[in-house]
Amino acid sequence: DGGITQSPKYLFRKEGQNVTLSCEQNLNHDAMYWYRQDPGQGLRLIYYSQIVNDFQKGDIAEGYSVSREKKESFPLTVTSAQKNPTAFYLCATGTSGQETQYFGPGTRLLVL
Amino acid sequence: KNQVEQSPQSLIILEGKNCTLQCNYTVSPFSNLRWYKQDTGRGPVSLTIMTFSENTKSNRRYTATLDADTKQSSLHITASQLSDSASYICVVSATGTGGFKTIFGAGTRLFVKA
């Protein structure tokens, strides 16, 4: 946790809705990442950003979108195109490349 | 295919006992291997990070080993405490012409009983 804030802790979404998960950091890290965690599976990378105004797709980017307008913020939008959005979403930051990543407390998204 | 396999899937031990968790990987070219601890409903916290040349690294009661030849790592927990109950995740990073890639294991769920 530390200097990474994710909100809300729990989020409920109706089918067909877009929702945005917040991730804010005060660690002055250049790199930020979004992961999805499902039971019994390893974390899977959705999107990552190594610098402001630039981001790259991860392994499971379909149905998600991000922006990186500020160094401190990397919001993730789960769109209606994501057919199975129920999961635990983790934001992480890092200083460079793939060194140790620091994780936020996570947001649990549930589809009603 | 880049993969990280962890065993056992879950483990129950008595408080005060030691235990060892295993991680086998096929990720290449290898860059580093990390162990994280994740409490239920929380984000993972880094325990150790090892590069190719490191065989052992300790962090308090946690000792990680790495055998880059056999592509195996272990995390040994000494004198377990109730607070050690968590998931332990092995993470391997590769670096190549396509840039960095990080592969997460599914984790070992450890339960420490009083």
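Give the residue, chosen from A:D59, A:D54, A:D30, that is in contact with a Lys or Arg (Cβ under 9 Å, 6 or more places away or on another chain), touching a residue at least 40 places away in the same chain (Cβ under 8 Å) and within 14 Å of another protein chain (Cβ to nearest Cβ).
None of the others qualify; the one that does is A:D30.
Quick check: is even one residue across the stretch B:10-19 within 12 Å of the chain's Cα centre (by Cα) and part of a strand (DSSP E or B)? Please lay out each step first, then the result.
Initial filter on the stretch B:10-19 (within 12 Å of the chain's Cα centre (by Cα)): none.
Within the stretch B:10-19, none of the residues are within 12 Å of the chain's Cα centre (by Cα) and part of a strand (DSSP E or B).
Residue check, B:V112 against (1) more than 12 Å from chain A (Cβ to nearest Cβ); (2) of a type outside the set (D, E); (3) not in a strand (DSSP E or B), all met but one. Which one?
Condition (3) is where B:V112 drops out.
If I filter the stretch A:97-112 down to residues being facing chain B (nearest Cβ under 8 Å) and assigned to a strand (DSSP E or B), which single residue comes out as modelled with the lowest pLDDT? Steps first, please.
At the first step, the residues of the stretch A:97-112 found to be facing chain B (nearest Cβ under 8 Å) are A:97-106, A:108.
Of the ones still in play, those that are also assigned to a strand (DSSP E or B) are A:102-103, A:108.
Details: A:Y102: 92, A:F103: 95, A:R108: 95.
Once the filter is applied, the top-ranked residue is A:Y102.
So which residues in the stretch A:6-39 are aromatic (F, W, Y) and surrounded by 12 or more Cβ atoms within 10 Å (Cβ to Cβ)?
Of the residues in the stretch A:6-39, the ones aromatic (F, W, Y) are A:10, A:12, A:33-35.
A:F12, A:Y33, A:W34, A:Y35 - these are the residues of the stretch A:6-39 that are aromatic (F, W, Y) and surrounded by 12 or more Cβ atoms within 10 Å (Cβ to Cβ).
Considering B:I77, B:I89, which residue is over 26 Å from A:Y33 (Cα atoms) and either in contact (Cβ under 8 Å) with a residue 40 or more places away in the chain or crowded, with 19+ Cβ neighbours inside 10 Å (or both)? Explain how you work it out, then say what you get.
Working: B:I89 fails: over 26 Å from A:Y33 (Cα atoms).
One residue alone meets the criteria, B:I77.
Which one of these is of a type in the set (S, T, N, Q), surrounded by 15 or more Cβ atoms within 10 Å (Cβ to Cβ) and touching a Ser or Thr at 6+ places or on another chain (Cβ under 8 Å): A:S65, A:S49?
Values: A:S49 fails: touching a Ser or Thr at 6+ places or on another chain (Cβ under 8 Å).
Among A:S65, A:S49, only A:S65 is of a type in the set (S, T, N, Q), surrounded by 15 or more Cβ atoms within 10 Å (Cβ to Cβ) and touching a Ser or Thr at 6+ places or on another chain (Cβ under 8 Å).
Checking the structure you have, find out if any residue of the stretch B:29-41 is part of a loop (DSSP other than H, G, I, E, B) and aromatic (F, W, Y).
No, the stretch B:29-41 has no match at all.
On the basis of being farther than 23 Å from B:G41 by Cα, outside any loop (DSSP other than H, G, I, E, B) and without any contact (Cβ under 8 Å) to a residue 24 or more places away in the chain, does A:S65 make the cut?
yes
Would you check which residues across the stretch B:95-109 are assigned to a strand (DSSP E or B) and at pLDDT 95 or above and list them?
B:T108, B:R109
I need a count of the residues in the stretch B:93-109 that are surrounded by 18 or more Cβ atoms within 10 Å (Cβ to Cβ) and more than 10 Å from chain A (Cβ to nearest Cβ).
The total comes to 1.
One residue is enough: does the stretch A:76-96 have a residue meeting the conditions of a type in the set (F, W, Y), assigned to a strand (DSSP E or B) and within 13 Å of another protein chain (Cβ to nearest Cβ)?
yes
Among the residues of the stretch B:16-35, which ones are within 19 Å of B:F100 (Cα to Cα) and not basic (K, R)?
Of all residues in the stretch B:16-35, those within 19 Å of B:F100 (Cα to Cα) come to B:25-35.
Matches in the stretch B:16-35: B:Y25, B:T26, B:V27, B:S28, B:P29, B:F30, B:S31, B:N32, B:L33, B:W35.
For the stretch B:9-47, which residues satisfy the criterion of being away from every other protein chain (no Cβ under 13 Å), modelled with pLDDT of 95 or more and surrounded by fewer than 20 Cβ atoms within 10 Å (Cβ to Cβ)?
B:L11, B:I12, B:I13, B:L14, B:E15, B:G16, B:K17, B:N18, B:C19, B:T20, B:Q22, B:N24
The values are calculated or read from the model by the stated rules, or taken from the named source; none is laboratory data. Note that this is a predicted model, so its numbers are computed, not measured. For neighbour counting, all protein chains shown are included, and Cβ atoms are generated from backbone atoms with ideal geometry for every residue, glycine included.
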